[in-house]
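The values are calculated or read from the model by the stated rules, or taken from the named source; none is laboratory data. Remember, it's a predicted structure, so these values are computed and weren't measured experimentally. Every residue, glycine as well, gets a Cβ built from its backbone with ideal geometry; the counts of neighbours run over all protein chains shown.
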Amino acid sequence: MKISERRKEPRYLCFGQVKLNRLPGAILTGRIIDLSLGGCLIAMQRPAPLSQGSVVELTIQTRGTALRMIGIITFLGRQAPRWMGISFKTLSKRGQSQLTELIAELEAIPAPDRNLCFPKRATHLMWQPHQR
């Protein structure tokens, strides 16, 4: 089964910052690759000592919006070990409303199938320092 067939919500390209906090634990930073109403794919700045099923608190900052939520790691990249998929589990009503508005903005830019877009050795795409 392809990853795209398991998704409940469409994903959209979304570039922004993410802070990940293992409950309880150290804060890790990374970038958002794509986003949906149910989860996101992120690329961490450094390999993260996390495992599939770990509960994390994440803060996403993109397009002038900051969202804070609880999620569960559902995917850890094998070819790109800094990549991880997170399924959102706890989000306030206000946060859900903000996420819905953000997704509405992103709908004009549908995310291509990641399985076809990124080569197996896409390590140069995993982390790019923020340019000002």
When restricted to Arg82, Arg31, the only residue touching a Pro at 6+ places or on another chain (Cβ under 6 Å) and not hydrophobic (A, V, I, L, M, F, W, C) is Arg82
Within region 1-54, of all residues that are hydroxyl-bearing (Ser, Thr, Tyr) and more than 10 Å from the chain's Cα centre (by Cα), the one modelled with the lowest pLDDT is Ser4
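Determine whether region 35-52 contains at least one residue that is in a loop (DSSP other than H, G, I, E, B), touching a Leu at 6+ places or on another chain (Cβ under 6 Å) and over 14 Å from Ala80 (Cα atoms).
Taking region 35-52 as the starting set, the residues that turn out to be in a loop (DSSP other than H, G, I, E, B) are 36-38, 45-52.
Keeping just the survivors that are touching a Leu at 6+ places or on another chain (Cβ under 6 Å) gives 48, 52.
After this cut, where a residue has to be over 14 Å from Ala80 (Cα atoms) as well, the list is 52.
Yes; the residues of region 35-52 include at least one that is in a loop (DSSP other than H, G, I, E, B), touching a Leu at 6+ places or on another chain (Cβ under 6 Å) and over 14 Å from Ala80 (Cα atoms).
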Filtering region 50-95 down to residues that are surrounded by fewer than 19 Cβ atoms within 10 Å (Cβ to Cβ) and aromatic (Phe, Trp, Tyr) yields Phe75
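Run down Arg68, Arg114, Arg78, Arg63 and say which single residue is touching a Gly at 6+ places or on another chain (Cβ under 8 Å) and modelled with pLDDT under 90. Can you show your working first?
Working: Arg68 fails: modelled with pLDDT under 90; Arg114 fails: touching a Gly at 6+ places or on another chain (Cβ under 8 Å); Arg78 fails: touching a Gly at 6+ places or on another chain (Cβ under 8 Å).
When all the criteria are applied, what remains is Arg63.
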When you look at Thr59, is it without any contact (Cβ under 8 Å) to a residue 24 or more places away in the chain and either assigned to a strand (DSSP E or B) or out of contact with any strand residue (DSSP E or B) (no Cβ under 7 Å at 6 or more places or on another chain) (or both), yes or no?
no
Ala108 vs (1) modelled with pLDDT under 90; (2) under 15 Å from the mean Cα position of the chain (by Cα): all pass except (2)
Requested in this report: State whether the residues of region 79-98 include one that is among the hydrophobic types (A, V, I, L, M, F, W, C) and in contact with a Lys or Arg (Cβ under 6 Å, 6 or more places away or on another chain).
Outcome: no
